[in-house]
Amino acid sequence: MKVTLIPGDGVGIEITDALKEVIAATKAPITWDVQEAGEFVYKEKGTYIPEELYQSLESNKIGIKGPITTPIGTGFRSINVELRKKYDLYANVRPIKNVGTIPSHFSNVDLVIFRENTEDLYAGVEKQISSTEAHSIKIITKEKSERLLRSAFDYAAKNNKEKVTVVTKANIMKLTDGLFLSTVREVAREYPKIQLEEVLVDNMCMQLVMYPEKYGVIATENLYGDILSDLCAGLIGGLGLVPGANLGKDIAIFESVHGSAPDIAGKNLVNPTAMLLTGVMMLRHLNLNKEAQQIEKAIETVLSDSNNYTQDLGGTTTTTEFTKKVVQEIGI
Ligand code: NAD
């Protein structure tokens with residue numbers, strides 16, 4: 001199976017090297033079609049996303065990418081947003097679960113966030129009204145809300161989850177969030193065994209930092225989902241641990257939640273766990289379940305020994321040492 005691999009920039013190169021090594025250790029039948037994007041490419045070719053990258057994704061239908069630094073002041077909003085919009089990758093799925101014995105605020109977190117990925121304030125409809133006033137328009141459509149909400153309910157049904165928690169601020173944004181909410185009420189009727197729970201985003205933040213164990217599947221709009229997923233990453237030990245997937249009808253791009261971490265890039269300090277777990281999601285998507293489980297189990301074992309913690313987890317293990325441990329564990 002051919003997969004488009006976009007290393008990205010910043011720590012992207014280090015974590016995608018780790019990914020390649022670990023997937024090779026499972027002998028999964030994957031060949032990588034490596035495509036560059038980001039800062040380096042811009043300096044060389046004057047474009048952040050070269051045409052070959054689009055062609056590769058369109059032919060392979062599946063990609064996995066490292067983070068890419070968002071260009072500042074180029075008029076190009078974000079490569080990530082660009083890819084999500086171009087390929088209509090409407091569902092951003094982020095599982096957040098305790099890993100190994102990492103000390104964290106909670107030990108009972110096991111939830112998945114379904115974030116609408118194409119509209120809301122991220123649609124980029126902004127207008128400078130004057131030098132002292134700017135507007136941003138929030139776009140919510142029934143069609144796009146519905147497909148995201150349906151994917152959350154489908155996931156809940158398949159995984160025997162008893163409820164889906166939908167997060168909005170519909171008490172204030174009565175039209176936009178109101179539409180998201182009325183849509184979910186319709187969708188929920190098709191899933192009579194699954195309870196629909198409606199929570200306002202401010203209350204949700206408090207609930208999550210007090211009782212995260214109460215939640216299994218959270219479905220929400222783009223901006224709230226972005227914020228809530230970083231908040232949830234904090235509950236389990238940080239951004240170095242959270243994988244993600246951007247799913248569309250025809251194309252899927254997998255990427256961890258964290259960014260290019262310029263403060264630690266090139267120092268062999270980055271925690272590759274988020275990227276490796278992103279690889280696990282990708283393997284499951286490709287029905288390579290045995291290989292996915294091998295990696296998941298190996299990470300769990302490696303992270304059950306505090307001697308293997310990377311710097312973000314309070315340890316001194318380097319990226320390459322950590323990767324080697326996971327590879328060794330897979331071989332056992
Ligand atoms: P960031 O996620 O890159 O870093 C935030 C903090 O967390 C930093 O201190 C970093 O060192 C740490 N961190 C993140 N991932 C880590 C890991 N795996 N291991 C250890 N420590 C880790 O967020 P930022 O600094 O706000 O963003 C940097 C750049 O990345 C920006 O240009 C941003 O736009 C971009 N970004 C890209 C993506 C993406 O490509 N999907 C996502 C988010 C941010």
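Here are some notes:
- Taken over the stretch 271-290, residues that are open to solvent by 10 Å² or more (accessible area, probe 1.4 Å) and within 12 Å of the ligand (Cβ to nearest atom) amount to 1.
- Condition broken by L19, with the remaining ones in (1) in a loop (DSSP other than H, G, I, E, B); (2) within 16 Å of the ligand (Cβ to nearest atom); (3) within 21 Å of R284 (Cα to Cα); (4) aliphatic (A, V, I, L, M) satisfied: (1)
- Strands (runs of 3 or more DSSP E) wholly inside the stretch 125-182 containing at least 2 residues that are in contact with a strand residue (DSSP E or B) (Cβ under 6 Å, 6 or more places away or on another chain), open to solvent by 20 Å² or more (accessible area, probe 1.4 Å) and among the small types (G, A, S): 133-136
- Residue selected from the stretch 211-247 under the condition open to solvent by 40 Å² or more (accessible area, probe 1.4 Å) and not in a helix (DSSP H, G or I), by the criterion farthest from the ligand (Cβ to nearest atom): Y211
- Residue in the stretch 300-314 that is within 20 Å of the chain's Cα centre (by Cα) and polar (S, T, N, Q) present: no
- For E198: the one exception among (1) assigned to a helix (DSSP H, G or I); (2) surrounded by fewer than 17 Cβ atoms within 10 Å (Cβ to Cβ); (3) touching a helix residue (DSSP H, G or I) at 6+ places or on another chain (Cβ under 7 Å): (1)
- Cβ-Cβ distances below 7 Å connect the following pairs, each with a first residue in the stretch 43-61 that is of a type in the set (S, T, Y), a second residue that is assigned to a helix (DSSP H, G or I), and a separation of six or more residues or different chains: T47/V41; Y48/V41; Y48/Y42; Y48/I79.
- Scanning the stretch 46-85 for residues that are loosely packed, with under 14 Cβ neighbours inside 10 Å and at pLDDT below 90 returns G46, T47, I72, G73, T74, G75.
The values are calculated or read from the model by the stated rules, or taken from the named source; none is laboratory data. Remember, predicted model here, so these are calculated numbers, not experimental data. Because the Cβ atoms are built from the backbone with ideal geometry, glycine has one as well, and the counts that use them run over all protein chains shown. Only protein heavy atoms, including side chains, enter the accessible area calculation; ligands, DNA and RNA are left aside. Shrake-Rupley method; radii C 1.70, N 1.55, O 1.52, S 1.80 Å.
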